[in-house]
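Working notes, beginning with the structure itself.
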Amino acid sequence: MKSGRDNLAFNFRSKSEHFVDPTKSLKKQLKLLVKTLSIAGAEDIIALDIHKISDLASFIIICSSRSEKHSEGILRRIQNDLKGQIDIRAVEGAKNPKWVLIDAYDILIHIFYKPLRDFYKLEDLWYRAKKVDINKYLSNRLYAGNSK
């Protein structure tokens with residue numbers, strides 16, 4: 001018999017319960033994601049370290065796209081190029097890609113169509129989060145799958 005918890009649409013777990021390969025460091029995953037977003041043409045990429053202020057995830061990445069088609073392309077790039085390197089639990093918004101959310105367990109990726117990002121100002125909601133310096137990840141724009 002299933003418990004009530006098993007029937008929930010989103011079964012939130014503590015970070016220690018995530019089924020993430022322990023050999024994959026979060027920083028490596030963050031670097032791969034940021035590089036891949038950049039290669040896919042995502043704009044205004046920011047990464048926020050939220051592990052001290054939320055149990056939801058450790059990092060949030062927010063970026064902009066130029067159109068809905070561009071959002072779809074960015075999502076496909078993440079799914080295809082990082083398959084086997086980044087574990088994705090869920091994707092929301094793929095059918096109406098003005099705002100796509102990728103749940104990669106300890107990293108949440110928000111892909112916004114630019115006007116929607118300007119409207120929602122998600123970064124402002126996470127004002128207490130520490131901004132991650134992603135410039136070091138972008139200085140060498142090698143293909144994300146080939147980085148060491």
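Only the coordinates and a few stated rules stand behind these numbers; no lab work does. Computed from a predicted structure; not experimentally measured. We place every Cβ from the backbone using ideal geometry, glycine too, and count neighbours over all the protein chains shown.
At an R0 of 25 angstrom, the distance between the Cβ atoms of L101 and E68 translates into a FRET efficiency of 0.95. Gain on full extension, evaluated as 0.36 nm per residue between K121 and K136 minus their Cα-Cα distance, stands at 2.9 nm.
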